[in-house]
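Below: one structure in structure tokens.
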Amino acid sequence: MNQGTSSIQPNSGPEQSSAPFVRKMHEAGMSDAVIGLFSEYVQQLFSSQSVGFLPESRIDPVQEDDVKGQDQLTAQDEDLGWSHLEQAVAIKLNGGLGTSMGMPYAKSLLTVKSGMTFLDIILYQALSLKDHGLTEPGLVLMDSFNTHQDTKAHVDGLHLADGFKPWSFLQHMYPKVLADSLEPAKCPDQPDLEWNPPGHGDLYAALYTSGMLDRLLKAGKRYALVSNADNLGAVLNPSILGYFIRNELQFLMEVAKRSPADKKGGHLARQTDGRLVLREIAQCPEEDVPAFQDIDRHRYFNTNSIWLDLHALQDMISTQGLPRLPLIVNPKHLDPRDESSPQVYQLETAMGAAISSFQRSAALHVDRKRFAPVKKTNDLLVVRSDCYELSPTYQLLPSSKRSLPPIEVELDSEYFKKVDQFESRFPQGEPSLIDCERLMIEGDVLFEADVVCKGEVVLKNTTSIQQRVAQGSVLDGEKVWE
């Protein structure tokens, strides 16, 4: 989810009303609970209180001693997890289109490794645990209106063992808000453009209103690992499951150590009442941004993988209603692919913010092996290369042959940003990067087969003609075409 804020001024005209949004959502058949939740968010927007700021003065950094490490989990945790595997389920957030990479279809249908898509690998991850006690549904997909049909068609075309099929449910739609008038966006020719997925914070409401929460509980499922479809490192882990159960947790966030590349992402902190809280950059006052981005002060970032006690979620909704999460206002264009289309606000929330909503919540510092997201073609190149391999249980892992730290890749956005551009410049496969520390490409460069990159590789094409790296080339250092 692309998080951002905008300087929203109070409307100087007649008092704004949420009534047009309520009518629009009622006409779309949405539940009263979700309409009420959106109405609260849109009223925050109207009053210019779009973001509940969380200043540095109201939080304390989380210390290393406050967060358990995955390496501290015990054999007893693992045994407990294996013995409760039949009560576990993996929920994958499958609502995103790969728009940042120019994809008009579900991002999970992108070929990512060994000729398989994200979705193929996710399915095999679940299947690999069936012999160890994982019962159906081992996998549930939270689709959006943008991804549901593509995903269903792909799954229906597969012939998996024992007729295995994931369960799925739809996240909600929120009306887009015109930035100039703060009214519902209208696009009669393409009505789908009038709506946006409300971010992964919609997980809780969508589980409840779709009936999926009740359905999972009736199937004997209690413990859910929720993670992004593009993060193939986040698999059901018996040790973490056992730790979650043994400590009677209701919510567990997987966090990792922040690096300079993570400084803009949401970080973990403690409120003055002692509760853990996730603070996004959108909640940070401008004067506190340096502290927000100080990775030595705020050490842990949210990997967007969480563990949930579904019983606790049901009890919370029954007694308190749907979780009210901090609002994120995401400025966009009505048509994301047309920057000349009207500006709109998308109202969104982040699921990790619910760490403050549960009484028994915690964070776990996990190995970076559990965090291998693909957000850009830079990431796609690394994951497709020999830097990563699939384990026998289909977890994406750093190659055992690589001793170097994670590789830094920078591809020229003019020529490599979109998937079709990227594919056309690696027509015979990706180069070997296992001995590469850094790869930077400026300009239009095409790779032939069996190229090997070592050390720091910098390629600069300053001409207007595409240049080729010949088959079997070994690159080390800088090469400039002038």
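The values are calculated or read from the model by the stated rules, or taken from the named source; none is laboratory data. Quick caveat: nothing in here was measured; it's all calculated off a predicted structure. Ideal geometry is used to build each Cβ from the backbone, glycine not excepted, and the neighbour counts take in all protein chains shown.
Restricting attention to the stretch 312-325, does a residue exist that is part of a loop (DSSP other than H, G, I, E, B), among the charged types (D, E, K, R), crowded, with 18+ Cβ neighbours inside 10 Å and at pLDDT below 95?
No, because not a single residue in the stretch 312-325 is part of a loop (DSSP other than H, G, I, E, B), among the charged types (D, E, K, R), crowded, with 18+ Cβ neighbours inside 10 Å and at pLDDT below 95.
Also: Residues that are under 30 Å from MET173 (Cα atoms): list the strands (runs of 3 or more DSSP E) wholly contained in the stretch 56-126 that include at least 1 such residues.
Per the criteria, 88-94, 111-113.
Next question. Applying the selection to the stretch 108-121, what residues are in contact with a helix residue (DSSP H, G or I) (Cβ under 7 Å, 6 or more places away or on another chain), closer than 21 Å to ASN146 by Cα and not polar (S, T, N, Q)?
If the condition is that a residue be in contact with a helix residue (DSSP H, G or I) (Cβ under 7 Å, 6 or more places away or on another chain), closer than 21 Å to ASN146 by Cα and not polar (S, T, N, Q), then LEU109, LEU110, VAL112, PHE118, LEU119 are the ones that fit.
Separate question: Give VAL445, VAL419 a once-over and let me know the one that is among the β-branched types (Val, Ile, Thr), touching a strand residue (DSSP E or B) at 6+ places or on another chain (Cβ under 8 Å) and not assigned by TED's automatic domain parsing to the domain that holds GLN250.
Sole residue among the options that is among the β-branched types (Val, Ile, Thr), touching a strand residue (DSSP E or B) at 6+ places or on another chain (Cβ under 8 Å) and not assigned by TED's automatic domain parsing to the domain that holds GLN250: VAL445.
For every residue, the table says whether it meets (1) assigned by TED's automatic domain parsing to the domain that holds ASP230; (2) in a loop (DSSP other than H, G, I, E, B); (3) touching a Cys at 6+ places or on another chain (Cβ under 6 Å); (4) surrounded by fewer than 20 Cβ atoms within 10 Å (Cβ to Cβ).
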residue	(1), (2), (3), (4)
LEU397	no, no, no, yes
GLU410	no, no, no, yes
SER424	no, no, no, yes
GLU430	no, yes, no, yes
CYS436	no, no, yes, no
LEU439	no, no, yes, no
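Being of a type in the set (Asp, Glu) and within 16 Å of the chain's Cα centre (by Cα) is true for just one of ASP189, ASP143. Which residue is that?
ASP143
For every residue, the table says whether it meets (1) over 30 Å from PRO104 (Cβ atoms); (2) surrounded by 21 or more Cβ atoms within 10 Å (Cβ to Cβ); (3) over 22 Å from the mean Cα position of the chain (by Cα); (4) among the polar types (S, T, N, Q).
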{"residue": "VAL235", "(1), (2), (3), (4)": "no, yes, no, no"}
{"residue": "LYS257", "(1), (2), (3), (4)": "yes, no, no, no"}
{"residue": "PRO260", "(1), (2), (3), (4)": "yes, no, no, no"}
{"residue": "LEU268", "(1), (2), (3), (4)": "yes, yes, no, no"}
{"residue": "THR272", "(1), (2), (3), (4)": "yes, no, yes, yes"}
{"residue": "LEU278", "(1), (2), (3), (4)": "yes, yes, no, no"}
{"residue": "GLN283", "(1), (2), (3), (4)": "yes, yes, no, yes"}
{"residue": "PHE292", "(1), (2), (3), (4)": "yes, yes, no, no"}
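Here's another thing I want to ask about it. Scan the stretch 203-215 and tell me whether some residue there is outside any helix (DSSP H, G or I) and either surrounded by fewer than 22 Cβ atoms within 10 Å (Cβ to Cβ) or among the basic types (Lys, Arg) (or both).
yes
Identify, please: which residue in the stretch 108-148 is surrounded by fewer than 24 Cβ atoms within 10 Å (Cβ to Cβ) and of a type in the set (Asp, Glu) and is, among those, farthest from GLY199 (Cα to Cα)?
Going through the qualifying residues, I end up with ASP131.
Residues that are assigned by TED's automatic domain parsing to the domain that holds ILE35, closer than 17 Å to PHE118 by Cα and not in a strand (DSSP E or B): does the stretch 219-230 have at least one?
Yes: the stretch 219-230 contains one or more residues that are assigned by TED's automatic domain parsing to the domain that holds ILE35, closer than 17 Å to PHE118 by Cα and not in a strand (DSSP E or B).
Applying the selection to the stretch 196-218, what residues are under 14 Å from ASP143 (Cβ atoms) and at pLDDT 95 or above?
Scanning the stretch 196-218 gives ASP202, LEU203, ALA206, LEU207, SER210, MET212.
Mind telling me which of the residues GLN3, GLN70, GLN43, GLN49 ends up being modelled with pLDDT under 95 and in contact with a Ser or Thr (Cβ under 9 Å, 6 or more places away or on another chain)?
Only one candidate qualifies: GLN43.
Given the residues ASN228, ASN247, which is the only one that is closer than 26 Å to ALA126 by Cβ, polar (S, T, N, Q), modelled with pLDDT of 95 or more and crowded, with 24+ Cβ neighbours inside 10 Å?
ASN228
Enumerate the pairs (first residue in the stretch 446-473 and of a type in the set (Lys, Arg); second residue anywhere and part of a loop (DSSP other than H, G, I, E, B)) with beta-carbon separation below 7 Å, excluding pairs fewer than 6 apart on the same chain, so at least 6 apart or on different chains.
Once the first residue is of a type in the set (Lys, Arg) and sits in the stretch 446-473, its partners that are part of a loop (DSSP other than H, G, I, E, B) give LYS460/GLY443; ARG468/GLU448.
Yes or no, residue by residue, for (1) without any contact (Cβ under 8 Å) to a residue 12 or more places away in the chain; (2) at positive phi; (3) surrounded by fewer than 17 Cβ atoms within 10 Å (Cβ to Cβ); (4) touching a strand residue (DSSP E or B) at 6+ places or on another chain (Cβ under 6 Å):
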| residue | (1), (2), (3), (4) |
| --- | --- |
| GLU339 | yes, no, yes, yes |
| GLN346 | no, no, no, yes |
| ALA353 | no, no, no, yes |
| SER356 | no, no, no, yes |
| HIS365 | no, no, no, yes |
| PHE371 | no, no, no, yes |
| VAL374 | no, no, no, no |
| SER385 | no, no, no, yes |
| PRO392 | no, no, yes, no |
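Under 6 Å between Cβ atoms, which residue pairs at least 6 apart in sequence (or on different chains) link something in the stretch 300-321 that is within 19 Å of GLY233 (Cβ to Cβ) with a partner that is modelled with pLDDT of 95 or more and in a helix (DSSP H, G or I)?
Close Cβ pairs satisfying both conditions: TRP307/PHE244.
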